[in-house]
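S.K.: After the structure tokens below, expect a handful of questions from me.
The values are calculated or read from the model by the stated rules, or taken from the named source; none is laboratory data. Quantities reported herein were computed from a predicted structural model and do not represent experimental measurements. No Cβ is skipped: glycine too gets one built from the backbone with ideal geometry, and neighbour counts run over all protein chains shown.
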Amino acid sequence: MFNEVVFGSEFFEGLRRTDAAIAEAVRVARCPHCGGPLHRGDYGRKPRGGLMAAAGEAQVRRYSFCCGQEGCRRRATPPSVRFLGRRVYLEAVVIGVSVLGLAFRRAQDRHRATGVPARTVGRWCSWWSGSFVMTAVFAALRARLVTSLPRAALPGILLARMRGSTPHRVGQLGRWLAPLTTASVSDGSRFLRGVP
């Protein structure tokens, strides 16, 4: 599935537009803590794309806001379909490389195929079968797909249940994972409704 997939600049431009629409929905909703106005406070990222997403390394801004209400000034970072929390690698890379990590058992093969250190791939595979299955996002996915999702086959089993091209499926899974990408905006999934 991922052996020949390369995520290009058009793919990441689509994800950037989705992130911009989500950010605008968060801005309009105002500060989740006090209701004050939100002002742009983006911050820089230095994402890595490995061998499959070098074009994504141009995505260097994470949309974020700062409350303009005196006394609050708390940060509100919207959910993202480009960045998976604080991970250095882009979300599409984490998904794609994790699938390849299951296919290649030897560390050398994992690194050669993805350009991502084998230890990093191992941590991601452990996250999918460990912490991820304890999240509300996983529970919602399992309910949506109305099927059992074996931990050892994640995230590949999720992508296999979706339709469309591989980049489209990765983008869709990224939308489902978006609520996991921030802790400063609660119920992040509501900001994804109606976003193209």
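S.K.: Is the stretch 56-69 home to any residue that is closer than 18 Å to Phe7 by Cα and hydrophobic (A, V, I, L, M, F, W, C)?
M.R.: Looking for residues that are closer than 18 Å to Phe7 by Cα and hydrophobic (A, V, I, L, M, F, W, C), one finds at least one in the stretch 56-69, hence yes.
S.K.: Only helices (runs of 4 or more DSSP H) wholly contained in the stretch 53-169 count here; list those with 1 or more residues that are of a type in the set (Val, Ile, Thr) and within 16 Å of the chain's Cα centre (by Cα).
M.R.: Passing ranges, in order: 91-103, 118-129, 136-145.
S.K.: Only one residue in Leu141, Leu102, Leu145, Leu192 is of a type outside the set (Lys, Arg), closer than 19 Å to Leu51 by Cβ and modelled with pLDDT under 90, so which one is that? Quick ask: steps written out before the conclusion?
M.R.: Numbers: Leu141 fails: closer than 19 Å to Leu51 by Cβ; Leu145 fails: closer than 19 Å to Leu51 by Cβ; Leu192 fails: closer than 19 Å to Leu51 by Cβ.
Step by step, each of Leu141, Leu102, Leu145, Leu192 is checked, and only Leu102 is of a type outside the set (Lys, Arg), closer than 19 Å to Leu51 by Cβ and modelled with pLDDT under 90.
S.K.: Being surrounded by 13 or more Cβ atoms within 10 Å (Cβ to Cβ) and farther than 27 Å from Phe11 by Cα: is that true of Ala139 here?
M.R.: On the way: surrounded by 13 or more Cβ atoms within 10 Å (Cβ to Cβ): no; farther than 27 Å from Phe11 by Cα: yes.
It is false that Ala139 is surrounded by 13 or more Cβ atoms within 10 Å (Cβ to Cβ) and farther than 27 Å from Phe11 by Cα.
S.K.: Sticking with this structure for a sec: Could you check, for the stretch 18-27, whether at least one of its residues is in a loop (DSSP other than H, G, I, E, B), touching a residue at least 24 places away in the same chain (Cβ under 8 Å) and surrounded by fewer than 17 Cβ atoms within 10 Å (Cβ to Cβ)?
M.R.: Checked the stretch 18-27: no residue is in a loop (DSSP other than H, G, I, E, B), touching a residue at least 24 places away in the same chain (Cβ under 8 Å) and surrounded by fewer than 17 Cβ atoms within 10 Å (Cβ to Cβ).
S.K.: For Ser64, only one of the following conditions fails: (1) at pLDDT 95 or above; (2) farther than 21 Å from Arg193 by Cβ. What is its number?
M.R.: (2)
S.K.: Now a separate question. Filter the stretch 91-117 down to the residues that are more than 22 Å from Ile157 (Cβ to Cβ) and of a type in the set (A, V, I, L, M) and list them by number.
M.R.: Ala107
S.K.: Scan the stretch 1-17 for residues that are aromatic (Phe, Trp, Tyr) and either closer than 20 Å to Thr182 by Cα or without any contact (Cβ under 8 Å) to a residue 60 or more places away in the chain (or both) and report the count.
M.R.: Selection size over the stretch 1-17: 1.
For (1) among the hydrophobic types (A, V, I, L, M, F, W, C); (2) buried (at least 16 other Cβ atoms within 10 Å of the Cβ); (3) farther than 27 Å from Glu13 by Cα, each residue gets a yes or a no:
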site: Leu84; (1), (2), (3): yes, yes, no
site: Arg87; (1), (2), (3): no, yes, no
site: Gly96; (1), (2), (3): no, yes, no
site: Val99; (1), (2), (3): yes, yes, no
site: Leu102; (1), (2), (3): yes, yes, yes
site: Gln108; (1), (2), (3): no, no, yes
site: Val116; (1), (2), (3): yes, yes, no
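S.K.: On to the next question. Testing Arg40 on (1) touching a helix residue (DSSP H, G or I) at 6+ places or on another chain (Cβ under 9 Å); (2) in contact (Cβ under 8 Å) with a residue 12 or more places away in the chain; (3) closer than 25 Å to Leu158 by Cβ, one condition comes back false. Which one is that?
M.R.: Among (1) touching a helix residue (DSSP H, G or I) at 6+ places or on another chain (Cβ under 9 Å); (2) in contact (Cβ under 8 Å) with a residue 12 or more places away in the chain; (3) closer than 25 Å to Leu158 by Cβ, the lone unmet condition for Arg40 is (3).
S.K.: Would you point out which residue out of Gly115, Gly96 is touching a Phe, Trp or Tyr at 6+ places or on another chain (Cβ under 8 Å) and modelled with pLDDT of 90 or more?
M.R.: Within the list Gly115, Gly96, the selection yields Gly96.
S.K.: How many residues, within the stretch 146-174, are surrounded by 17 or more Cβ atoms within 10 Å (Cβ to Cβ) and not β-branched (Val, Ile, Thr)?
M.R.: 10
S.K.: Given (1) buried (at least 18 other Cβ atoms within 10 Å of the Cβ); (2) of a type in the set (S, T, N, Q); (3) free of Cβ contacts under 8 Å to residues at least 12 places away in the same chain, identify the lone condition not met by Thr181.
M.R.: Failing condition for Thr181: (3).
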